[in-house]
Each structure stands twice: as structure tokens, then as C-alpha cells.
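The values are calculated or read from the model by the stated rules, or taken from the named source; none is laboratory data. Predicted, not measured: the structure shown is a model, and the values here were computed from it. Here the Cβ positions follow ideal geometry from the backbone for every residue, glycine too, while neighbour counts run over all protein chains shown. Ligands, DNA and RNA are stripped out before the accessible areas are found, and what is left, the full protein with its side chains, is counted by its heavy atoms. Shrake-Rupley method; radii C 1.70, N 1.55, O 1.52, S 1.80 Å.
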Amino acid sequence: MIYLQLFWEFFKTGLFAVGGGLATLPFLKEVSLRYPWFTPNDLLDMIAVSESTPGPIGVNTATYAGYHAAGIPGALVATTSLVLPSVVIILLVARALTRFRSSPLVQHAFYGLRPASAGLIFGAMFEVFAVSLLHTERWTGLSNLSAVFNLPAILFFLLLTLGIRKLPRLHPIWFILAGAVCGILFQF
């Protein structure tokens with residue numbers, strides 16, 4: 001039964017997350033709230049690890065969740081079901097696109113997918129920023145607004161942003177490593 005649940009949830013995620021790995025994050029958050037496979041905090045850790053390891057975020061997260069839920073077979077089911085809709089759609093589109101490439105309807109459909117994809121990615125980015133830079137659980141009103149801000153995380157984010165802007169020739173791996181070290185230090 002768990003394999004069917006994994007297949008269905010990750011198939012839906014793969015089917016409706018148009019725009020790449022970051023677009024899967026709203027769907028993965030819903031999965032984390034509905035099933036005990038991983039928590040929303042685990043999802044943030046998976047984002048951090050997925051961004052610093054090879055492979056798409058969605059695939060890495062599906063593999064982790066499937067493994068956490070049902071071991072290696074679960075990882076295979078979750079990963080396969082996430083990728084399956086894309087493979088099927090690409091095969092169908094590739095076949096049909098050669099016939100309808102110049103159709104205005106097809107061109108408008110692709111044009112219409114752009115804002116939807118951007119919206120999904122922006123929503124995921126906003127959520128990561130809110131969880132990383134704010135203590136939303138402390139919000140009780142405007143009277144305690146200063147308690148909501150995670151000042152060390154905001155300061156570190158600003159320093160990294162400034163570093164990226166001022167040191168454009170520095171390899172990105174150094175920024176990833178600095179973020180990992182600081183993330184570990186912030187845990188203590």
C-alpha cells in the first residue's frame with residue numbers, strides 16, 4: 001500500500017510541477033504535511049543538500065522521501081513516479097510538436113506556462129526565505145515584530161549576497177561550503 005501512495009503522490013508532483021525542481025517544492029511541502037515520510041524541516045534540509053549535490057531537487061527529494069518511507073524499493077518507486085510524467089509528456093510533445101510547431105495555439109500555450117512556472121518558483125523561494133530568515137512561530141502581532149527576525153541568518157545572508165556581488169570570480173562551491181559551515185554552527 002505504501003508503494004501505491006508513494007507512486008501516486010510523486011506522480012502528481014511530477015505531473016503538475018511545471019518549471020523544474022524548485023516548482024516541486026510546494027507539492028513536496030503538502031506531501032510532508034500529509035504523510036510521515038519527511039517533515040517540513042526535513043524538506044528544508046533536503047533543499048540544502050539537493051542544491052549542493054548533483055541532480056535536480058525534485059528527484060533528490062523524492063529519492064530521500066521514498067527511502068525514508070520504504071527503503072530502497074520506496075526510493076525507486078518515488079523517483080520513478082516523479083520522473084515518469086515528464087518522460088511521457090516529452091515523448092508526446094516531441095511527436096506532436098513536429099506537426100504543430102507553427103500553430104499559434106501551441107505557441108500561446110507555451111507562453112502561458114511561463115508565468116505559472118515563475119509563480120511556482122517564486123512561491124517556493126518565498127517559503128525558503130521565510131523559514132530561513134524569520135521566526136514565524138514567534139509572530140503574535142506588530143508589538144513583537146523584532147522577535148520575528150532571525151538576525152544572525154539575515155546578517156549571514158546579506159554577507160553572502162555582498163560576497164557574491166563583490167567576488168564574482170570566486171567559485172560558487174566556496175559559498176556553498178561557507179553556508180554549510182554556518183548552518184552547522186547556527187545549530188549549536
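Summed over the stretch 160-188, the residues that are loosely packed, with under 11 Cβ neighbours inside 10 Å, part of a helix (DSSP H, G or I) and of a type outside the set (D, E, K, R) give a count of 7.
Scanning the stretch 96-108 for residues that are of a type outside the set (K, R), in a helix (DSSP H, G or I) and open to solvent by 60 Å² or more (accessible area, probe 1.4 Å) yields T98, F100, P104, L105, Q107, H108. Could you tell me whether any residue of the stretch 115-126 is in contact (Cβ under 8 Å) with a residue 12 or more places away in the chain, more than 21 Å from G58 (Cα to Cα) and part of a helix (DSSP H, G or I)? Among the residues of the stretch 115-126, not one is in contact (Cβ under 8 Å) with a residue 12 or more places away in the chain, more than 21 Å from G58 (Cα to Cα) and part of a helix (DSSP H, G or I), which makes the answer no.
The single residue among V18, V93 that is open to solvent by 50 Å² or more (accessible area, probe 1.4 Å), at pLDDT below 90 and not in a helix (DSSP H, G or I) turns out to be V18. Return the total of residues in the stretch 37-55 being open to solvent by 30 Å² or more (accessible area, probe 1.4 Å), at pLDDT 80 or above and not in a helix (DSSP H, G or I). Of the residues in the stretch 37-55, 1 are open to solvent by 30 Å² or more (accessible area, probe 1.4 Å), at pLDDT 80 or above and not in a helix (DSSP H, G or I). Out of curiosity, is Y67 part of a helix (DSSP H, G or I), under 19 Å from S50 (Cβ atoms) and free of Cβ contacts under 8 Å to residues at least 60 places away in the same chain? For Y67, the condition - part of a helix (DSSP H, G or I), under 19 Å from S50 (Cβ atoms) and free of Cβ contacts under 8 Å to residues at least 60 places away in the same chain - is met. Filter the stretch 99-108 for residues that are within 32 Å of the chain's Cα centre (by Cα) and either within 13 Å of V18 (Cα to Cα) or of a type in the set (S, T, N, Q) (or both) and give the result. Q107 - this is the single residue of the stretch 99-108 that is within 32 Å of the chain's Cα centre (by Cα) and either within 13 Å of V18 (Cα to Cα) or of a type in the set (S, T, N, Q) (or both).
Summed over the stretch 56-79, residues that are under 15 Å from G14 (Cα atoms), in contact with a Phe, Trp or Tyr (Cβ under 8 Å, 6 or more places away or on another chain) and open to solvent by 70 Å² or more (accessible area, probe 1.4 Å) total 0.
Among the residues that make up the stretch 132-154, is at least one of them within 23 Å of G21 (Cα to Cα), open to solvent by less than 60 Å² (accessible area, probe 1.4 Å), part of a helix (DSSP H, G or I) and not acidic (D, E)? There is at least one residue in the stretch 132-154 that is within 23 Å of G21 (Cα to Cα), open to solvent by less than 60 Å² (accessible area, probe 1.4 Å), part of a helix (DSSP H, G or I) and not acidic (D, E).
Selection of the stretch 1-11 for residues being surrounded by fewer than 18 Cβ atoms within 10 Å (Cβ to Cβ) and touching a Ser or Thr at 6+ places or on another chain (Cβ under 9 Å) yields only W8. Restricting attention to the stretch 9-30, does a residue exist that is out of contact with any strand residue (DSSP E or B) (no Cβ under 6 Å at 6 or more places or on another chain), among the charged types (D, E, K, R) and farther than 28 Å from R114 by Cα? Looking for residues that are out of contact with any strand residue (DSSP E or B) (no Cβ under 6 Å at 6 or more places or on another chain), among the charged types (D, E, K, R) and farther than 28 Å from R114 by Cα, one finds none in the stretch 9-30, hence no. Failed condition for R34, given (1) among the charged types (D, E, K, R); (2) open to solvent by 50 Å² or more (accessible area, probe 1.4 Å); (3) under 15 Å from the mean Cα position of the chain (by Cα), with all others met? Status for R34: all satisfied but (3).
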